[in-house]
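The values are calculated or read from the model by the stated rules, or taken from the named source; none is laboratory data. Since we're looking at a predicted model, the values are computed, not measured. Cβ: placed from backbone, ideal geometry, glycine included. Neighbour counts: every protein chain shown. Each accessible area value is taken on the protein alone, full model and side chains, heavy atoms only, with ligands, DNA and RNA left out. Shrake-Rupley method; radii C 1.70, N 1.55, O 1.52, S 1.80 Å.
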Amino acid sequence: EQIGRQSSLQTLMVGGLRTDKAISAEEFQQLSGLSELKNLHIAGPLSAEALQVFEKLTALRELFIVGDDISDDSLTHLRRLTELEDLTLAGVHGSGLGFAVLQEMPKLRFLRINGSKLEHLHLQGHPRLEDISGNLNHIHRLHIADMPRLRRLDLDRLQTTSVEIGKLPAIGWVRLSLVQADQLDGFAVKDMPMLETLHVIPITWEGSIENI
């Protein structure tokens, strides 16, 4: 409870949390009084209800969440973070529809998604996103398009069956490290006039790669 009384606190890093039980909403609620908090790093299992506290942390510029089992439906609690510029999420699972909340973050520039299992990740139309990266993700269908400022895309150890990337006029660097690439049934990379470097590692797939 003492943390919640530090109303001028701007940076908070919480790690090494117990792993046998998710942090409850009641325990996490003490952060709701940190109205000036701009940078929050938290590593540990979080209950879906605990994420409700983010509706009150509207000054956040950087948010780093390493969870254990976060449903993407609960990401709706991030919708009021309109000042957010840098977002890292790890351990998210679900349909992927919850990532639509990113449309409510007009200043978001950096996005990292790690260790997540999603049916479909559709990122499109984010006006200020410059950098997207990820590691150890299982995303059944991946679609990234229509982002005018995106300059870098780096997805390491990605397991997927479909990749569609295009209409990225500013992007210059793309790396896709694919796990079980022989399971791909669709791969399209197109409409990137400023692209200088493309790494696709490895491709062990007998089909054709269209529109590179």
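Among residues of the range 106-124 that are among the small types (G, A, S), those with a Cβ under 8 angstrom from a residue that is open to solvent by 50 Å² or more (accessible area, probe 1.4 Å) and in a strand (DSSP E or B), sequence gap 6+ or separate chain, pair up as S116/H93; S116/H138. Go through L108, L123 for me and flag whichever is outside any strand (DSSP E or B) and either within 19 Å of L155 (Cβ to Cβ) or modelled with pLDDT of 95 or more (or both). Going through L108, L123 in turn, just one is outside any strand (DSSP E or B) and either within 19 Å of L155 (Cβ to Cβ) or modelled with pLDDT of 95 or more (or both): L108. Does T19 qualify as being in a loop (DSSP other than H, G, I, E, B) and at pLDDT 90 or above? No, not satisfied. Taking G44, is it open to solvent by 20 Å² or more (accessible area, probe 1.4 Å) and at positive phi? So G44 fails the test. Every condition in (1) closer than 25 Å to S47 by Cβ; (2) touching a His at 6+ places or on another chain (Cβ under 8 Å); (3) not in a strand (DSSP E or B) holds for L118 except the one numbered (3).
Across the range 115-160, the qualifying residues are those that are in contact with a strand residue (DSSP E or B) (Cβ under 9 Å, 6 or more places away or on another chain), of a type outside the set (K, R) and open to solvent by 50 Å² or more (accessible area, probe 1.4 Å), and the one among them that is nearest to G186 (Cα to Cα) is H140.
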